[in-house]
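Written below as structure tokens is the structure these notes are about.
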Amino acid sequence: MADRVTVIGWDGSPLTAAARSALSAATLVAGAAHHLTLPEVPPTAERIRLGSLGLAARRIAGHRGTAVVFADGDPGFFGVVRTLRAPEHGLEVEVVPAVSSVAAAFARAGMPWDDAQVVVAHPRTLRRAVNVCRAHAKVAVLTSPGAGPAELALLLDGVHRTFVVCEELGTDREQVSVLTSDKAADHGWRDPNVVIVIGGAGQAPAAEPGWLLGQGAAHSGDRGWARPQPDAGEGESAQLRAAQLARLGPRTGDLVWDIGAGSGGVAVDAAALGAAVIAVDADPRACDRVTAAARKRGVQLQVVAGRAPHVLENLPEPDVVRVGGGGAEVVAAVADRRPERIVSHASTRDEAEAIGRTLTEHGYAVECALLQSVALDPRTWAEQDRSVVFLLSAERPVTR
């Protein structure tokens, strides 16, 4: 095992005394190509070009001597420290930090970033990173080959954002470009460190100081979700919406389809829980209500006017879907897209059986419950409203 492992963050600034001291004693130095050419690297040290972090960690663990690992920015912030400290390698590390790439990018843009979401985009996580960009007004994306500004822009098709693209931060080739997302796909980019994604209607970056990283100042005094709505239509009772949201479980990184969005209660609540949301309705007035509800709540979502199932064909792949209207035909079209969860409801048993049968035929595990709620006037305890509805929830089996 290596006698000593020091991880040095590098942001283009001159190395600190601690970093130079660690390097002078190093018998192994690992890093990217631009790290290994630094004049402070001892000429006699073994050099490892970082590719697979796991493979490099195993080689460092087996090295007899003193090792130094270079990383861009702060190596403890989505960096190599986590991999090196993994139990299977048994490495204890000393860290010499530097300014993180995210902090440097926002500094170049002259913007605060305590209210920003920060995500890492690899080809396998790109879609979830894009969903965060759909749902939030300020996102820093740490990119990788195959998951850069062009790929982000292509998957954000139809959603307008501003990109601040920071290429090769800390080097003499550093460049910062500001452009709209629809133009980003037309450029060739030099492995940018960070893309700041800004904008969206209904939610502006917070002007007031917050107290929690990634959370802006509150836009509304409203608390809770699935609250009663005066403009709620049939099948939109607060109790049904609460049950549907509980079954869907929307979370950050998910894309939710709300088909037959109506007044927008489910769509807005899902967006407030951190998910990206596409609300679909054939009625232009309903689309306007959803947009107004999102603006009032201070959340972002995309509203698509059109009739399902045809309007669904060009939408990006969903993680969870609420079908608020359209019956078994729309449920079948949704199930063909294989989301993780689908919820729907029916006012009659025959309709519920048809929806349940469709979901079962598509390989989903289906639950059905008869929900009955009665609203009472607490002054007189007289009945104000009664709702009886079948709730259907379906989950795609996990494939091993």
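The values are calculated or read from the model by the stated rules, or taken from the named source; none is laboratory data. This one's a predicted model, so the numbers in the text were calculated from it and none came from an experiment. Every residue, glycine among them, receives a Cβ derived from its backbone with ideal geometry; neighbour counts consider all protein chains shown. What goes into the accessible areas is simple: the full protein's heavy atoms, side chains included, and nothing from ligands, DNA or RNA. Shrake-Rupley method; radii C 1.70, N 1.55, O 1.52, S 1.80 Å.
Quick notes on this one:
- Pairs with Cβ under 8 Å, 6+ apart, first in the stretch 111-129 and open to solvent by 30 Å² or more (accessible area, probe 1.4 Å), second of a type in the set (Ser, Thr, Tyr): GLN117/THR252; VAL120/SER144; HIS122/SER144; PRO123/SER144
- Whichever residue in the stretch 374-400 is more than 22 Å from ASP350 (Cβ to Cβ) and part of a strand (DSSP E or B) and, among such residues, is farthest from the chain's Cα centre (by Cα): GLU383
- With respect to the conditions (1) of a type in the set (Ser, Thr, Tyr); (2) surrounded by 13 or more Cβ atoms within 10 Å (Cβ to Cβ); (3) out of contact with any Ser or Thr (no Cβ under 9 Å at 6 or more places or on another chain), THR348 lacks only one, and its number is (2).
- Criterion: hydrophobic (A, V, I, L, M, F, W, C), under 15 Å from GLY326 (Cβ atoms) and touching a strand residue (DSSP E or B) at 6+ places or on another chain (Cβ under 9 Å) - qualifying residue of ALA354, ALA365: ALA354
- Condition met for ARG338 (among the charged types (D, E, K, R), in a loop (DSSP other than H, G, I, E, B) and either modelled with pLDDT of 95 or more or touching a Lys or Arg at 6+ places or on another chain (Cβ under 9 Å) (or both)): yes
- Residues located in the stretch 213-260, provided they are at pLDDT 95 or above, open to solvent by less than 60 Å² (accessible area, probe 1.4 Å), in a loop (DSSP other than H, G, I, E, B) and closer than 23 Å to GLY199 by Cβ: PRO250, GLY253, ASP254
- Condition met for ALA67 (touching an Asp or Glu at 6+ places or on another chain (Cβ under 9 Å) and either under 19 Å from TRP10 (Cβ atoms) or surrounded by 14 or more Cβ atoms within 10 Å (Cβ to Cβ) (or both)): yes
- Verdict on VAL330 being open to solvent by less than 20 Å² (accessible area, probe 1.4 Å), of a type in the set (A, V, I, L, M, F, W, C) and over 20 Å from HIS160 (Cα atoms): yes
- For the stretch 1-23, the set of residues classified as within 17 Å of LEU169 (Cβ to Cβ) and surrounded by 13 or more Cβ atoms within 10 Å (Cβ to Cβ) consists of ILE8, GLY9, TRP10, ASP11, GLY12, LEU15, listed by residue number.
- Given (1) in contact (Cβ under 8 Å) with a residue 24 or more places away in the chain; (2) at negative phi; (3) open to solvent by 40 Å² or more (accessible area, probe 1.4 Å), number of the condition ALA135 does not satisfy: (3)
- In the stretch 163-195, residue farthest from ARG108 (Cα to Cα) [restricted to those that are assigned to a strand (DSSP E or B) and open to solvent by 20 Å² or more (accessible area, probe 1.4 Å)]: THR180
- Only one of the numbered conditions (1) of a type in the set (Ser, Thr, Tyr); (2) surrounded by fewer than 17 Cβ atoms within 10 Å (Cβ to Cβ); (3) closer than 22 Å to HIS35 by Cα is not met by SER100, and that is (2).
- Some residue of the stretch 152-162 being free of Cβ contacts under 8 Å to residues at least 12 places away in the same chain, part of a loop (DSSP other than H, G, I, E, B), surrounded by fewer than 21 Cβ atoms within 10 Å (Cβ to Cβ) and of a type outside the set (Asp, Glu): no
- Residues that are modelled with pLDDT of 95 or more and among the polar types (S, T, N, Q) were ranked within the stretch 351-379; the one that is least open to solvent (accessible area, probe 1.4 Å) is THR358.
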